[in-house]
Protein chains: 2
Amino acid sequence: MKLYDYWRSSAAYRLRIVMNLKGIAYEHISVNLVTGENRSEAHLARNPLGLVPALELDDGTLLTQSMAMCEYLEEIQPAPAVLPGDAIARAQARAFCFDISGEMHPLYNLRVRKHLAEELKQSAESVDRWYAHWTSTGLAALEQTAQRLPNRGAFLFGDTPGLAEAFLVPQYYNANRFNIDVSGFTCLNAAFDTVKDLPAFKQAEPEVQPDAE
Amino acid sequence: MKLYDYWRSSAAYRLRIVMNLKGIAYEHISVNLVTGENRSEAHLARNPLGLVPALELDDGTLLTQSMAMCEYLEEIQPAPAVLPGDAIARAQARAFCFDISGEMHPLYNLRVRKHLAEELKQSAESVDRWYAHWTSTGLAALEQTAQRLPNRGAFLFGDTPGLAEAFLVPQYYNANRFNIDVSGFTCLNAAFDTVKDLPAFKQAEPEVQPDAE
């Protein structure tokens, strides 16, 4: 498989973690979001929205959207599982991921920050406040959700790391990069600390990717 | 099951369609987004993000996030299926849904429009332009995605309506409500026309909900 990737893309970071957890080898192909390579004709043919990651299967089929790719990988290679076995726990794990991928990340990703600066003429400070607002309110809600999870074990959903951690860690990377105070989020901090040094997570870190600058 | 619902919530509208398609009865409980009932202590206890819909199972378990709930309903009641049978087609159907629920809807929902007006002091015209921008660019990309789908039949993913249509129709409802020009989206328009008069879709329409104003 080929992963159309960018070191600082948090959606691509999720995929790298999941592929590492499952031990699925992939070819890394960089698509530079900062120079706008994701808006090139070649990449728009892969994903009309111009987002990364995209996953090219061996037969040339292209998949988009990090969660759809994760579900696909879970279906074609169920072990080790990255979703819980019970239907209710699985729904809660997916909801945890969507609280990140569908409520926080789309509000502050690069294309939105650019739009705020260029079209709405917002200052750098205003764009930073926007980022901090959606990240802080999102993480505060996620902390409450995490505290109420009924199946917490060593990890958020039991005894193995899974999609919840694969989505949380890139979010934490972003929060640190933008100096968001996460000190009050004890449950999320514990979840982060439990996985951050595992090889699947370490090897997915932005700074160790081939295209890191 | 109890659906914490609001007639004009497009995420709740998706759930209503899916529950109708599957023939799952539910009790409707209105949470008024305009008066801020979703920010009440009672609703924040159901969903710390203060969003609707939420689904309360018979044992009192609460599920959040429309896609997580749809996947749960598909797992506990597989027939009629709302996702395709093939893993690749299923990934493409999920990605189609996430292009709506994770890239378009979070950018323009009520809490973001309020934030733009109140915190960023944007005029009503600027908020409308924001809405139109993310809806139009999102639908244009989705049209290209739809045109390339390899398994289109009478519906987007074969011969039965499913999650792709359940996510598209509320998006079209919003686009019409805000006068977004969709005339160029031939494939999406065809997908919309094919389902809009089916009972599962008609009975989920905002205007026929008990809390419609």
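Residue-wise test of (1) in contact with a helix residue (DSSP H, G or I) (Cβ under 6 Å, 6 or more places away or on another chain); (2) closer than 16 Å to A:Cys97 by Cβ.
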{"position": "A:Phe157", "(1), (2)": "yes, yes"}
{"position": "A:Gly162", "(1), (2)": "no, yes"}
{"position": "A:Gln171", "(1), (2)": "yes, yes"}
{"position": "A:Phe178", "(1), (2)": "yes, no"}
{"position": "A:Thr194", "(1), (2)": "no, no"}
{"position": "A:Phe201", "(1), (2)": "yes, yes"}
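Could you tell me which residue of the stretch B:54-66 is nearest to the other protein chains (Cβ to nearest Cβ), considering only residues that are over 21 Å from A:Ala140 (Cβ atoms) and outside any strand (DSSP E or B)?
B:Thr61
Read through the list (1) surrounded by fewer than 23 Cβ atoms within 10 Å (Cβ to Cβ); (2) closer than 20 Å to A:Asn47 by Cα; (3) not assigned by TED's automatic domain parsing to the domain that holds A:Phe155, then give the number of the only condition that A:Met69 fails.
(1)
Does A:Arg16 satisfy the condition of being part of a helix (DSSP H, G or I), outside the structural domain of A:His133 (by TED's automatic domain parsing), out of contact with any Gly (no Cβ under 8 Å at 6 or more places or on another chain) and not polar (S, T, N, Q)?
Yes: the conditions hold for A:Arg16.
Do any residues in the stretch B:172-184 that are without any contact (Cβ under 8 Å) to a residue 40 or more places away in the chain have Cβ atoms under 7 Å from those of residues that are of a type outside the set (Val, Ile, Thr), where the two are at least six apart or on different chains, and which pairs are they?
Close Cβ pairs (under 7 Å, with a partner that is of a type outside the set (Val, Ile, Thr)) amount to B:Tyr172/B:Phe192.
For the stretch B:159-173, check the following and say yes or no: at least one residue is more than 19 Å from the chain's Cα centre (by Cα) and more than 14 Å from chain A (Cβ to nearest Cβ).
yes
Assuming A:Asn32 fulfils every condition listed in (1) at pLDDT 95 or above; (2) facing another protein chain (nearest Cβ under 10 Å) apart from one, which condition is it?
If we test A:Asn32 against (1) at pLDDT 95 or above; (2) facing another protein chain (nearest Cβ under 10 Å), just (2) comes out false.
Pull up the stretch A:185-203, narrow it to residues that are out of contact with any Leu (no Cβ under 8 Å at 6 or more places or on another chain) and touching a residue at least 60 places away in the same chain (Cβ under 8 Å), then point me to the one that is surrounded by the fewest Cβ atoms within 10 Å (Cβ to Cβ).
A:Pro199
Would you mention how many residues in the stretch B:150-175 are surrounded by fewer than 15 Cβ atoms within 10 Å (Cβ to Cβ) and over 19 Å from B:Arg16 (Cα atoms)?
Going through the stretch B:150-175 one residue at a time, the tally reaches 4.
Output yes when any residue across the stretch B:38-48 is buried (at least 23 other Cβ atoms within 10 Å of the Cβ) and among the hydrophobic types (A, V, I, L, M, F, W, C), and no when none is.
No.
Would you check which residues across the stretch B:74-99 are surrounded by fewer than 22 Cβ atoms within 10 Å (Cβ to Cβ), aliphatic (A, V, I, L, M) and more than 7 Å from chain A (Cβ to nearest Cβ) and list them?
Matches in the stretch B:74-99: B:Ala79, B:Ala81, B:Leu83, B:Ala89.
Out of B:Glu74, B:Glu37, B:Glu41, which single residue is modelled with pLDDT of 95 or more, closer than 30 Å to B:Asn151 by Cα and not small (Gly, Ala, Ser)?
Result: B:Glu74 is the single residue among B:Glu74, B:Glu37, B:Glu41 that is modelled with pLDDT of 95 or more, closer than 30 Å to B:Asn151 by Cα and not small (Gly, Ala, Ser).
The values are calculated or read from the model by the stated rules, or taken from the named source; none is laboratory data. These numbers come from a predicted model, not from an experiment. Don't worry about glycine lacking a Cβ; one is built from the backbone with ideal geometry, like all the others, and counts go over all protein chains shown.
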